[in-house]
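Here's the structure we're looking at; comments come further down.
The values are calculated or read from the model by the stated rules, or taken from the named source; none is laboratory data. From a predicted model like this one, the values you see are computed outputs, not experimental measurements. When we count neighbours, we look across all protein chains shown, and the Cβ atoms used for this are built from the backbone with ideal geometry, even at glycine. Accessible surface is based on the protein model in full, side chains and every heavy atom, while ligands, DNA and RNA are left aside. Shrake-Rupley method; radii C 1.70, N 1.55, O 1.52, S 1.80 Å.
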Amino acid sequence: MAESYPHIERPGQKLVFASREPMFNSVGSLGLLIFCATLVVGIHVYALAAGSTTTPSLPENAGIFIALLFFACIFFHVVTRQWIAEIELIARRLKISRRSFGRWTKAIVDCSLDECIAFGTIEYNTDGHITYGVYVQLTNGKRHAIPLTNSGFAEAARVASQLSAATGIQRVDTRF
């Protein structure tokens with residue numbers, strides 16, 4: 001189970017930061033998959049029943065339906081995505097992963113904390129709206145976001161300071 005913002009001062013703790021909970025879990029994903037499969041089979045049966053030949057032909061608006069189904073699958077994938085950052089203080093490991101459809105997990109970063117050179121806050125200015133986040137910078141120069149549920153400066157600064165203090169890695173703030 002993942003805590004949103006663990007209390008960092010306790011030694012020997014595994015720190016877990018997770019983005020918002022996905023709107024659907026794996027049961028919702030399975031339900032959507034069954035619904036989509038039923039629609040595709042229904043279109044196929046309709047095409048066979050409507051045609052006078054044994055070779056199936058799709059109705060005129062089948063292309064629009066398939067395009068909408070494709071975009072619905074993309075939307076559902078984005079809505080169910082969750083980012084998770086785990087920092088093990090005793091083992092000195094950092095793991096950042098992405099969970100899709102409430103089930104499949106892909107490790108984006110899995111490295112020792114010795115490969116991390118900085119934690120910090122980062123400011124994003126998107127269309128005049130300023131948000132803040134926390135990042136970790138690796139020795140190869142790549143930066144990866146630590147997921148937060150609140151994008152305010154106070155929360156980002158608090159988390160970055162506590163991560164820096166708990167791991168002994170310097171804090172560097174950045175504007176983007």
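To keep it simple, each residue is scored yes or no on (1) out of contact with any Lys or Arg (no Cβ under 9 Å at 6 or more places or on another chain); (2) more than 24 Å from I34 (Cβ to Cβ); (3) touching a residue at least 60 places away in the same chain (Cβ under 8 Å).
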residue: F65; (1), (2), (3): yes, no, no
residue: F71; (1), (2), (3): yes, no, no
residue: E86; (1), (2), (3): no, yes, yes
residue: I108; (1), (2), (3): no, yes, no
Q) Restricting to the stretch 110-155, what's the tally of residues that are farther than 17 Å from A85 by Cβ and in contact with a His (Cβ under 8 Å, 6 or more places away or on another chain)? A) 0
Q.
As an exercise: evaluate T131 against (1) within 30 Å of G31 (Cα to Cα); (2) part of a strand (DSSP E or B); (3) of a type in the set (S, T, N, Q) and give the number of the one condition it does not meet.
A. (1)
Q.
For the stretch 133-151, which positions are free of Cβ contacts under 8 Å to residues at least 40 places away in the same chain, open to solvent by 50 Å² or more (accessible area, probe 1.4 Å) and of a type in the set (S, T, N, Q)?
A. T139, N140, N150, S151
Q.
Taking the criterion of being at pLDDT 80 or above and under 21 Å from Q13 (Cα atoms), would at least one residue in the stretch 71-84 satisfy it?
A. yes
Q) Identify, please: which residue in the stretch 152-176 is open to solvent by less than 60 Å² (accessible area, probe 1.4 Å) and farther than 20 Å from D114 by Cβ and is, among those, modelled with the lowest pLDDT? A) T174
(Q) So, in the stretch 87-115, how many residues would count as being among the hydrophobic types (A, V, I, L, M, F, W, C) and in contact with a helix residue (DSSP H, G or I) (Cβ under 8 Å, 6 or more places away or on another chain)? (A) 5
Q. So which residues in the stretch 85-106 are of a type outside the set (S, T, Y) and part of a strand (DSSP E or B)?
A. A85, E86, I87, E88, R93, L94, K95, I96, R98, R99, W104, K106
**Q.** Residue identified as touching a Gly at 6+ places or on another chain (Cβ under 9 Å) and modelled with pLDDT under 80 among G28, G128
**A.** G28
